[in-house]
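Notes follow the structure.
The values are calculated or read from the model by the stated rules, or taken from the named source; none is laboratory data. Treat the numbers as computed from the prediction; the structure is a model and nothing was measured. Here the Cβ is made from the backbone with ideal geometry for all residues, glycine too, and neighbour counts use every protein chain on show. Note: accessible area is taken over every heavy atom of the protein model, side chains too, but ligands, DNA and RNA are not part of it. Shrake-Rupley method; radii C 1.70, N 1.55, O 1.52, S 1.80 Å.
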Amino acid sequence: MINASWLLIAIPLASAAILLLAGKRSNSWGHWLGVLASAASFAVGAGALLEMLGKDASERVVDVHLFDWISAGSLQVDAGLRIDPLSLTFVMLVTFVGTLIHIYSVAYMEHDTDRRRFFAYLNLFVASMLILVLANSYLLLFVGWEGVGLASYLLIGFWNHNPNYATAAKKAFVMNRVADVGMIIALGLIFALFGSLSFDKVLPQASALVAGNEGMMNLIGLMLLVAACGKSAQFPLQAWLGDAMAGPTPVSALIHAATMVTAGVYLIVRSGAIFNVAPTALLVVAIVGAITLLFGAIVGCAKDDIKKALAASTMSQIGYMMLAAGLGPIGYAFAIFHLLTHGFFKAGMFLGAGSVMHGMNDDVNMRNFGALNKAMKITWITFGLGWLAILGVPPFSGFWSKDKIIESAFATNHGEGWQPWVFGLVALIGAGLAAFYMSRLFFMTFHGKARWSTEESSELPTRHPHESPALMVWPMIILAVGSALLGLFLSLGNRFTTWLAPVTGELEHHDPVLSVPVIMGATLVLVFLGAFLAWRQYGAAPVPTEPPVGSLLTQAARADLYQDQFNEAAFMRPGQYATRALVYADKKAVDGSVTGLAGLIGSLGIGIQKLHNGYIRSYAAMMLAGLLIVLIVAFVIWN
Amino acid sequence: MTSGAEAVLFWCLAPLMVLAALGLIFARKAVHATICMVFVMISLAVMYIANQAPFLGIVQIVVYTGAVMMLFLFVIMLVGVDAGDSLVDTLKGQRWIGWLLGIGLGVVVFSFLGRVSLAGGKGHAETVANNPAEIARVLLGNFVFPLELVGVLLVTAAIAALTMTHRRNLTKRIGQKELADTRVASGARLTPLPSPGVFAQRNAMDVPALDPHGQPVEASVSRVLRARGQERDAIYDPDIELLDEAGRPAPSTWDRSVGSGASAPANGESESTAVTEDSGNAESTSNEKED
Amino acid sequence: MDYANYVYLAVILFTIGAATVLLRRNAIIVFMGIELMLNSANLAFVAFSRINGDLTGQVVAFFVMTVAAAEVVVGLAIIVSIYRSRRSVSVDDINLLKN
């Protein structure tokens, strides 16, 4: 099955092509084809996983050659697939969660006339994401990279008749493009330094080539980080994620929670060999992760839009993953672990949010929710399991993955210097904040007093919340089970970290500066404190339907910590000024010189025209003058 | 021929020629300029003859001086003798440019001449005696084709001149009767210019005629002479005027009766005829007697 | 007697003729200046013919004379035509080719 792993990509890609080309004729059965394609990919992936589990650890890195792609002088790139534990982990995540979301979308998009196009784009996304994670060279990875960017654009702007949604899609695409510059520069630098772009040639050589090339290695690492920041919505390229919630909820669940935004983390972990010999770049990765962690947490505390709050949470959790990846070999495996568990509970929560919106007339303002636990029981339970997972309450998934990250943060740099304290405390505070804002979200939506009414006549908005249909409910249930049990399952006997060892290297263990029980205790205390504060303010007390003025920090958080204003002031306006200056220079200098030349010749002509004054005598004088000049020239030459 | 005579000829004639040519630039009236030009032409003819080209010299006089310059004079006459122009130039700076370019031309060509050795001179004294035949030999030998072409050119020139000055009658030809009618209608003078008159002392063309009053008649002298200021004063006797006043009989003393048939007396004596006439006339005649 | 003197004289006359063309406004006098130029050329030809002992110079001068005569005929006809239509012989009045 490993040798047939190209089917993983081919099936969804073919399905996307069929659905797009068949057009309206396939409206009646198109969505089922999409679901089948995704399920088939999952089946192939599961087969490959079983085959790989049967292999010995040393044989678990397999390169499957597909075809010769580029042969241009010294640049030789084969198109092939790299089947190893890391890529298979991602394959399982993408196909499993993806298939569940496909099933969910059949019911969620039932009333949309463009449902078939939606499934085509979803399949396109799955295919591109699989290319990304299965690529055996940086160049093929980049192909998948661009593909998921395209799919994201198409899906965010799915309802592009609304100009705001179309603009949000453009914003996401443009910011990703900025990151792609980093990717391209990194590709160039890798090729310049290593002479190849394939993983099997680049990664083993990294430690050998570092002597004398530390600056280059660090630069490569930084460029890869820039690329990852754009795709994973890390600081400073994080402004697009909030607006990306303009897309339908299944899109937010699949792309902007579970899979695409994790592509950045995948890139960093995959390039672990390079980062291991570029300590400065690794440190920057950790710092970026830490900053984003806090950024997302602060913003998430003030959002009233349920999807935007979940998006801020995603940004923060990926910050955790980046922080873990930036800790070096002690953190790579935990980053992927948290990525996996996060994929389950965040996707589950997004699907739950979609279910809530489905029942509340597509309203997203949490201030209009409240006391939905009785009206939508299954949604409540599944969402609640995801909530407990993200909080890190044992024995749910989040506890296993997040706690490990916090421990590793306290253990970085062999416990010396400022790094363990700073990163560890940041991770700890982030955990507390995450508890607060996720609890706030949960209690505002499902508990407290109902800020809606089923009666027509009351002054509250009229809603008829009901449980979602089966096709929506079952994926949520399955994901909730995963949120609950997956973490525990994978931690038993460290089986996940040993599974990843062929790729991330053997897991080193350093001692954290605080002992493990202290860290765990502190984490749990902060988590309960955050949850309690949220309960007190949003669960027990009445929630105002109009957002109160709030402190300066609250206002800043509501405005996304002024990220858009900063981007506009720092990049957009100077860019516009530069463009306008260039247009002006083009008009004045380039056009001006051309028309000026024409005008000059014209005025020259008018000047010469004055010689034509009509008087014979002046003509005669001119003739004589000409004759004189000829004679003088002849005289001079004759001498 | 290094004869001193030729040198004398040259050095006498050349400055005069230059002066005459300068007269062409500076003369105000066109006729003066033409006369200067004629002088130059004739001097050139003399120089040709001195340069052992007698045929050319005679042709110069006949063609140039005789035909071309006379042609110029005719045209001046057609155009009008008073069509001179002032020496003040209408074009800005043309005067300076003209002098500058002219003198510059001279300087440049002189500098050319300075580099060329024009010394020596074989001369062709043997051709002088039979110059026309010698020239004909060359002309009809080497230069037959140009000769023919020049012939064509002359014919073309003549036809061109005819064509250009020919006036086509676009309207009906005005005959003598129409001309006379037009003249009468416009009130122009119909009669010839007055003859000198009884009282004239002279009958020259440039002396005006005297009218019956003995006064000069301006219109009797041609306009051209008047324009030239060549009209002379008339000689008239002032007494003629007095006699005219006293001598002429008054029209009222003439006898108007049908029967008497007596002729009026030559002298204006009014008393003799007053008795025989009616008393009706007596008052009128006595009234008119005092005229 | 240096025969070159005649050539110098011819140059002087040529210069004066050129100046006349540039400086006078009466068309007939301008034309006379042109004639002066042609005549000075004739003089030069005759002088050269004498210097070189070749009758070709005189023959060329003869041709020049003929052509000049033809030219005078046509030129004066033109002047008369212009006078008839414009009542003026000033060359400055004939400026319809202005601009």
**OP:** Inspect the stretch A:591-604 for any residue being of a type in the set (Val, Ile, Thr) and either within 14 Å of chain C (Cβ to nearest Cβ) or within 21 Å of residue B:95 (Cα to Cα) (or both) and give the result as yes or no.
**Re:** no
Subject >> Subset of the stretch A:155-169 (residues that are under 21 Å from residue A:120 (Cα atoms) and assigned to a helix (DSSP H, G or I)) >> reply: A:155, A:156, A:165, A:166, A:168, A:169
Original post:
Can you name the residue in the stretch A:156-172 that is open to solvent by 10 Å² or more (accessible area, probe 1.4 Å) and of a type in the set (Phe, Trp, Tyr) and is also nearest to residue A:308 (Cα to Cα) among such residues?
Top reply: A:165
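Residue under question is residue C:81, and the condition is that it be open to solvent by less than 50 Å² (accessible area, probe 1.4 Å), of a type in the set (Ser, Thr, Tyr) and without any contact (Cβ under 8 Å) to a residue 12 or more places away in the chain; does it hold?
Details: open to solvent by less than 50 Å² (accessible area, probe 1.4 Å): yes; of a type in the set (Ser, Thr, Tyr): yes; without any contact (Cβ under 8 Å) to a residue 12 or more places away in the chain: yes.
Here the answer is yes, as residue C:81 does meet what is asked.
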**OP:** Could you check residue A:246 against (1) of a type in the set (A, V, I, L, M); (2) touching a Phe, Trp or Tyr at 6+ places or on another chain (Cβ under 7 Å); (3) at pLDDT 90 or above and say which number it fails?
**Re:** (3)
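Taking the residues in the stretch A:425-479 that are part of a loop (DSSP other than H, G, I, E, B) and of a type in the set (Gly, Ala, Ser) as candidates, determine which candidate is nearest to residue A:356 (Cα to Cα). Don't jump to the end; show me each part of the working.
Taking the stretch A:425-479 and keeping what is part of a loop (DSSP other than H, G, I, E, B), we get A:447-452, A:454-461, A:463-469.
Okay, now just the ones that are also of a type in the set (Gly, Ala, Ser), so A:448, A:450, A:457-458, A:468.
Working: A:448: 16, A:450: 14, A:457: 23, A:458: 21, A:468: 8 Å.
The residue in question is A:468.
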Original post:
Which one is farthest from residue C:29 (Cα to Cα) among residues in the stretch B:6-25 that are more than 9 Å from chain C (Cβ to nearest Cβ) and loosely packed, with under 15 Cβ neighbours inside 10 Å?
Top reply: B:8
**OP:** Residues being at pLDDT 85 or above and of a type in the set (D, E, K, R): count how many of those fall in the stretch A:527-550.
**Re:** 1
Original post:
Which of the residues belonging to the stretch B:27-49 are small (Gly, Ala, Ser) and open to solvent by 10 Å² or more (accessible area, probe 1.4 Å)?
Top reply: B:27
**OP:** With the checklist (1) facing another protein chain (nearest Cβ under 7 Å); (2) more than 22 Å from residue A:619 (Cα to Cα) in hand, flag the one item residue C:97 doesn't pass.
**Re:** (2)
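Among the residues that make up the stretch C:6-22, is at least one of them farther than 15 Å from residue B:21 by Cα and either of a type in the set (Gly, Ala, Ser) or assigned to a helix (DSSP H, G or I) (or both)? Before the answer, list the steps.
First, the residues of the stretch C:6-22 that are farther than 15 Å from residue B:21 by Cα: C:6-7.
From the residues that got through so far, the ones that are either of a type in the set (Gly, Ala, Ser) or assigned to a helix (DSSP H, G or I) (or both) too are C:6-7.
Yes, the stretch C:6-22 contains at least one residue that is farther than 15 Å from residue B:21 by Cα and either of a type in the set (Gly, Ala, Ser) or assigned to a helix (DSSP H, G or I) (or both).
If you check A:298, A:291, A:318, which single one turns out to be part of a helix (DSSP H, G or I), surrounded by fewer than 24 Cβ atoms within 10 Å (Cβ to Cβ) and touching a Leu at 6+ places or on another chain (Cβ under 9 Å)? I'd like the intermediate steps shown before the answer.
On the way: A:291 fails: touching a Leu at 6+ places or on another chain (Cβ under 9 Å); A:318 fails: surrounded by fewer than 24 Cβ atoms within 10 Å (Cβ to Cβ).
Exactly one residue qualifies, and that residue is A:298.
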Subject >> In the stretch B:161-208, residue surrounded by the most Cβ atoms within 10 Å (Cβ to Cβ) [restricted to those that are assigned to a loop (DSSP other than H, G, I, E, B) and either on the phi > 0 side of the Ramachandran plot or of a type in the set (Lys, Arg) (or both)] >> reply: B:197
**OP:** Can you work out which of the residues in the stretch C:1-23 that are more than 7 Å from chain B (Cβ to nearest Cβ) and crowded, with 22+ Cβ neighbours inside 10 Å is nearest to residue B:98 (Cα to Cα)?
**Re:** C:21
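Could you go through the stretch C:46-66 and let me know if any residue there is within 24 Å of residue B:104 (Cα to Cα) and more than 14 Å from chain A (Cβ to nearest Cβ).
As a first pass, look at the stretch C:46-66 and keep what is within 24 Å of residue B:104 (Cα to Cα): C:47-48.
Narrowing further to those that are more than 14 Å from chain A (Cβ to nearest Cβ): C:47-48.
Yes: one or more hits.
For the stretch A:354-405, how many residues are over 30 Å from residue A:326 (Cα atoms) and within 26 Å of the chain's Cα centre (by Cα)? Before the answer, list the steps.
Filtering the stretch A:354-405 for residues over 30 Å from residue A:326 (Cα atoms) gives A:354-384.
Among the residues that remain, those that are also within 26 Å of the chain's Cα centre (by Cα) are: A:354-358, A:362-366, A:382-384.
Total satisfying the criteria: 13.
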**OP:** Name every residue in the stretch B:141-154 that is more than 12 Å from residue C:66 (Cβ to Cβ) and surrounded by 11 or more Cβ atoms within 10 Å (Cβ to Cβ), in order of residue number.
**Re:** B:142
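Considering only the stretch A:25-50, state which residues are open to solvent by 70 Å² or more (accessible area, probe 1.4 Å) and either touching a residue at least 24 places away in the same chain (Cβ under 8 Å) or among the β-branched types (Val, Ile, Thr) (or both).
Taking the stretch A:25-50 as the starting set, the residues that turn out to be open to solvent by 70 Å² or more (accessible area, probe 1.4 Å) are A:25, A:28-29, A:32, A:36, A:50.
Across the stretch A:25-50, the qualifying residues are A:32, A:50.
Is the stretch A:491-508 home to any residue that is of a type in the set (A, V, I, L, M, F, W, C), within 25 Å of the chain's Cα centre (by Cα) and under 30 Å from residue A:368 (Cβ atoms)? Steps first, answer last, please.
In the first step, residues of the stretch A:491-508 are kept if they are of a type in the set (A, V, I, L, M, F, W, C); the result is A:492, A:496, A:499-501, A:503, A:507.
Okay, now just the ones that are also within 25 Å of the chain's Cα centre (by Cα), so A:496, A:500, A:503.
So of that shortlist, the ones also under 30 Å from residue A:368 (Cβ atoms) come out as none.
Taking every residue of the stretch A:491-508 in turn, none turns out to be of a type in the set (A, V, I, L, M, F, W, C), within 25 Å of the chain's Cα centre (by Cα) and under 30 Å from residue A:368 (Cβ atoms).
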**OP:** Just need a number here: residues in the stretch C:67-78 that are within 14 Å of chain A (Cβ to nearest Cβ) and open to solvent by 40 Å² or more (accessible area, probe 1.4 Å).
**Re:** 1
Original post:
Is it true that some residue in the stretch A:520-532 is β-branched (Val, Ile, Thr), touching a residue at least 40 places away in the same chain (Cβ under 8 Å) and under 16 Å from residue A:392 (Cα atoms)?
Top reply: yes
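Among what's in the stretch A:51-74 and is among the aliphatic types (A, V, I, L, M) and assigned to a helix (DSSP H, G or I), pick the residue that is least open to solvent (accessible area, probe 1.4 Å).
Step one: of the stretch A:51-74, the residues among the aliphatic types (A, V, I, L, M) are A:52-53, A:57, A:61-62, A:64, A:66, A:70, A:72.
Next, only the ones that are assigned to a helix (DSSP H, G or I) stay: A:52-53, A:57.
On the way: A:52: 0, A:53: 91, A:57: 56 Å².
So the residue we want is A:52.
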